[in-house]
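Just so it is clear, none of the values below were taken in a lab; they were calculated from the coordinates. Everything numeric here is computed off the predicted structure, so don't read it as measured data. Counting neighbours? That spans all protein chains shown, and the Cβs are built from the backbone with ideal geometry, glycine included.
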Amino acid sequence: MKKAIALILALVMCFALAACGSQNKTNDSSMKVGFIFLHDENSTYDLNFINAAKAACEELGVEYVLRTNIPEGQECYNAAAELVDDGCTVIFADSFGHEDYMIQAAKEFPDVQFCHATGTKAHTEKLANYHNAFASIYEGRYLAGIAAGMKLNEMIAAGQFTADEAKMGYVGAFTYAEVISGYTSFFLGARSVCPTVTMEVTFTGSWYDETAEKEGATKLIQNGCKLISQHADSMGAPTACETAGIPNVSYNGSTQKACPNTFIVSSRIDWTPYFKFAIQAAQKGEEIPYDWTGTLATGSVVLTDVNETAAAAGTVEALAAARTALEAGTLHVFDINTYTVGGDVQNSYLADIDTDPAYTPDTEVIADGYFHESEFRSAPAFDVQIDGINLLDTAF
Amino acid sequence: MNNHNGPLFHISKRKNLLWYQAWAIRGAAILLALIVCAAVTTLLTGENPLSVYATIFRGAFGTTRKVWILLQNMSILLCISLAVTPAFRMRFWNIGAEGQVLVGSLATAACMICLGDKLPNWALILTMIACSILAGAIWGLIPAFFKAKWNTNETLFTLMMNYVATQLVAYFVIIWEVPKGAGKIGIINQNSMAGWLPQIGGQKYLLNVLVVAVVTVLVYIYLNYTKHGYEISVVGESERTARYVGIKVGRVILRTMALSGALCGLAGLLLVGGTDHTVTTTIAGGRGFTAVMVSWLAKFDPLVMIFTTFLLVFLDRGAGEISTVFGFNQSFADILTGIILFFIIGSEFFIRYKLSFRKKANKEE
C-alpha cells in the first residue's frame, strides 16, 4: 500500500513538472520568431547561425523556436508551415537549398515574413514577404588573406622556402559564385602583401563532408602548399592542418581550441545585426528589403581574434589598417588593376545576377575600376577565374 | 545437490502462443522500453520524462498539419516497405530499395525538367509515371538477372546498386543545377507547376496517402491470394521444392524483383512529383533501409506493416519535436528511438522462445 501511494505521489509530481513546460520564453510574448537550420551545432556553419539567433532574440526579448536538422526538401516547407502554425511571424532559414521551399511557404502565408540567408531569388520573385540576406564576406576574406600573406612572408624570411614556392591551398565546396568570390578575395588579400603567391583550389562537392575536406587539405599539403584555408563547414581541413603543422586560415568561427598551433585567424558572418534588423522591422510593420547586405560597418563581417602563436608579427595592426581603408572606400577588394583574366585586365563583365536555369548573364558589374560584388544582389556573384589560381578539379 | 551443476536457465522454443499472450508480451516490452527511456532521460538531461513523452506525442499529432505530415511520411515509408516485401518473402534480400527509389526519382525529375514545357500536363504526368516505374523496375531487374543466371549474392549486388544510383543522381544534379555551381536543382517548374501531381481537395499529401493505401491492399492480395504470391512463398521456403513442382525459379525471381523495383520507382514518383519537386542524392533519406526493418518487424505482412510504419514515423516525428522543444541534440532522440526498437525487436524473441530458470535445489528438501 505504501508503495502504491509513493507511486501515485511520484506521478502527480511528474505531471506538475510537466505543466511547467520549457519553451524559450522571454518578456515580449507578442512576437515569436522561427529559425530553420540545415544541421545542428556540430556544423560550424549552423553553429554560427544558432549563436546569432539566440543573441538577437535574447537582446530583443522575443520568443524563438529553433528547428535543427531540416533537409533541403519538402521538410523545409513543412518546418516553415509548422512554425507558422506555432505562431511565428518572422521565419529565417540558413541554408542555400532551403530557398525554393521558403518561397513556397511565403506564397502560402502572406502575413508572415520569410527571410533567407544566402539566397538569390528574392529580387526576381518580388514577394512582399520574402527576403534574401548576405554580407560582404569577401571583405572579411580579403583581410584574412592579408594575415595569410604575412605568415607566408614570415616563413620566407625565416628561410623555410623561397618566395617562388609560396603556394597556398584552398578547400572549396562547389564551383559556386559564393565559393569563387571567397577564395579569390582571400587570394587577392594574400597577394597584396606577398606578391609571388599562387594558390591551388580543390572542391569536395559538399558543404559538409569532414572526410572529403580532410583528404582535400592533406592532398594540397602534399602538393607543397604552405598554408591552407577553406570554404566548407566541417573541422576536416583545420584538423588536417594541425596534424601536419601547416598554418590554417579558418572560416565561420575560431578553430583555435582544436588547432592551437596552426590557427591564424578566421573570418565569419555575424548574422545578429540582420536578425535584429528584420525582427525589428517586422515588429514595427516596416518593409524588409528584398536584399540586405551586411558589411564591416554593420558589424556583419567580423574577424576572430588573431592567434599570436601562429600569426606573423604585426598582423593585428596590418588588418586594422586595411579594414579602415575598406570601410573608407579607398580600397576595393576586386579592383580590376589587381587581377587579370587570361592575361588581360577585365574592363567589363556581365554577371548572372537574376537566377535562371540557363545561367544567362544579365548585369554589368564592373564600373569605376572595380567589380561591384554584393551590390546588385546580396549573394556573391563573382565567378571569374583569375590568373594565379589553379583549380585542381572542377567536377563539382 | 542434484541441480547444482546445471545451467542457471535454458532457452526452449515455445509452442504457439495465443494471440493475446503474444500481444501481452509486446505490450510489456513497450512499457519496459518507456520506463528505461524515462530513466535515461532523467539521468542524462534532468528533464521530466512524462513531459518528454507528451512532446513526442504532440510532435506527431499536435496539429492537423502535423497529422498530415505524419501520414505523408508514413505513405512514402510504407510504399518502400511494400516494395521490398515480395522479394523478402522469396528470401531474396533486396537492400537496394534506396537506389531503386533514387532512380525512380531521377526519372521523374528528368521528365519534369526535359519535357516540362514540351508536353501538355496530363501527357507529362503519364510519361513520369511510366518512366519512374520502369526505371525502378530495371534497377531491381539487374541484380535479379545476375542472381537467376549466375546465382550472384543479391545482398551485396543490391547494396552496390545503391551507390551507383547515388552517383548517377549526383551527376545529373550537376548538369541541371541552378544557379551554376550551386550543386542543387531546387524546385522544378516552381511557377508553371508542370509535372506536379494534382492536389486532391486542396490537400498537399492526400494523393500520396490514397495511392499507397490502394497499393497496400493490392500487395496484400497479390501475396496472399494469387498464383504469383503462392509461387513466391514456395520459392522462399525451398527453391528445390519449387523446381520439383515445376515453378520456374529464375522467372519468379526476375518477376518479383521487377515488381519490387517498380514499387520503389513509384515511391520515387510520389516523392518528386507529389511533394519535394526536386531530386537530390539524399531524397530517399535512408528510407530504403528503414523499410527493411518495417518489413521484418511486420513479418512481411502488408497490413501489419501499416502499424510498424506508423511506429517508426511516429518516433521520428516525435524525436524531431523533442530536439526543438528541449533544445536537445538530434542524437538524444535517436537514443530513445534505439531503446524502444531494441525492446520491441527483443520482445519477438520472448514470443518465440521461453526461458526456464533452474529450480532452487533446496525446494525439494
(request) Only Cα pairs under 8 Å and at least 6 apart count here; give the relative contact order of chain A as a rounded whole percent. (result) 17 percent
(request) Using Cα positions and a limit of under 18 Å, work out the aspartates and glutamates in reach of B:Lys248, with same-chain residues fewer than 8 apart set aside. (result) B:Glu231, B:Glu237, B:Glu239
(request) Find the centroid of the Cα atoms in the range A:362-377 and in the range B:57-86, then give the distance between the two in whole Å. (result) 48 Å
(request) Over the range B:66-325, consider all pairs of different Cα atoms and compute the Kirkwood hydrodynamic radius from their mean reciprocal separation; express it in Å, one decimal. (result) 18.6 Å
(request) Measure nothing but the geometry: give the 0 to 90° angle between the long axis through the Cα atoms of A:137-157 and the longest principal axis through the Cα atoms of chain A, rounded to 10°. (result) 50 degrees
(request) Could you check which residue among A:Tyr183, A:Tyr359, A:Tyr170 shows the biggest mean-square fluctuation in a GNM of chain A with a 10 Å Cα cutoff? (result) A:Tyr359
(request) Report the antiparallel proportion of the DSSP beta bridges in the protein assembly as shown as a percent, rounded to a multiple of 5. (result) 25 percent
(request) May I ask for the net charge around B:Ile125, where only other residues with Cβ less than 15 Å from the Cβ of B:Ile125 are counted and Lys, Arg are +1 while Asp, Glu are -1? (result) 0
(request) Please report, in debye to the nearest 20, how large the charge dipole of the protein assembly as shown is about its Cα centre when each Lys and Arg carries +1 at its beta carbon and each Asp and Glu carries -1 there. (result) 5140 debye
(message) At R0 = 56 Å, how high is the FRET efficiency between A:Thr243 and A:Asp111 if r is their beta carbon distance? Nearest 0.05 is fine.
(response) 0.60
(message) Multiplying the sequence separation of B:Tyr230 and B:Ala28 by 0.36 nm and subtracting their Cα-Cα distance, what value in nm do you get?
(response) 69.2 nm
(request) Would you look at the GNM of chain B, springs on alpha carbons closer than 10 Å, and say which of B:Lys204, B:Lys13, B:Lys248 moves the most? (result) B:Lys13
(request) May I ask you to compute the full-extension gain from A:Asn347 to A:Lys257, defined as 0.36 nm times their residue separation minus their alpha-carbon distance, rounded to one decimal in nm? (result) 28.0 nm
(request) Specify the angular offset, from 0 to 90 degrees and rounded to the nearest 10, of the alpha carbon long axis of helix A:210-222 from the longest principal axis of the alpha carbons in chain A. (result) 10 degrees
(request) Counting only DSSP beta bridges with both residues in chain A, tell me the antiparallel percent, nearest 5. (result) 20 percent
(request) At 4 °C and 1.567 mPa s, grab the translational diffusion coefficient of chain A from Stokes-Einstein with a Kirkwood Rh over Cα pairs, rounded to a whole number in µm² per second. (result) 58 µm²/s
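Quick one: dipole size for the range A:260-396, taken about the Cα centre, charges +1 on Lys/Arg Cβ and -1 on Asp/Glu Cβ, in debye to the nearest 20.
It works out to roughly 560 debye.
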(request) Filter the cross-link list A:Lys54/B:Lys66; A:Lys54/B:Lys204; A:Lys32/A:Lys284; A:Lys276/B:Lys204; B:Lys13/B:Lys299 down to pairs whose alpha-carbon distance in this structure exceeds 22 Å. (result) A:Lys54/B:Lys66; A:Lys54/B:Lys204; A:Lys276/B:Lys204
(message) Below 10 angstrom from the Cβ of A:Thr118, what's the summed charge of the other residues (Lys, Arg +1; Asp, Glu -1)?
(response) -3
(message) Between 0 and 90 degrees, rounded to the nearest ten: what's the tilt of helix A:74-85 against the longest Cα principal axis of chain A?
(response) 50 degrees
(request) Take the alpha-carbon centre of the range A:219-253, take the same for the range A:118-143, and report the distance between them in whole Å. (result) 27 Å
(message) Restricting to DSSP loop positions (anything but H, G, I, E, B) with no more than 16 other Cβ atoms inside 10 Å of their own Cβ, which trypsin sites (Lys or Arg not before Pro) remain in the range B:30-126?
(response) B:Arg91, B:Lys118
(message) Let me test this: with uniform point scatterers at the alpha carbons of the range B:1-151, what is the Debye-based log₁₀ I(q)/I(0) at q = 0.12, 0.14, 0.16, 0.19 1/Å?
(response) -0.93, -1.03, -1.08, -1.17
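Taking K and R as +1 and D and E as -1, what net charge do the other residues with C-beta under 10 Å from the C-beta of A:Tyr77 add up to?
-4
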(message) Taking only Cα atoms of the range A:35-130, what ratio of Rg to Rh do you get with Rh as the Kirkwood inverse-distance radius?
(response) 0.94
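Calculate the FRET efficiency for B:Gln199 and B:Arg65 from the Cβ-Cβ distance with a Förster distance of 22 Å, rounded to the nearest 0.05.
0.90
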(request) Label the protein assembly as shown by shape, choosing from rounded, prolate and oblate, from the square roots a ≥ b ≥ c of the eigenvalues of the Cα gyration tensor; if a/c is under 1.5 it is rounded, and otherwise prolate applies when a/b is larger than b/c, oblate when it is not. (result) prolate
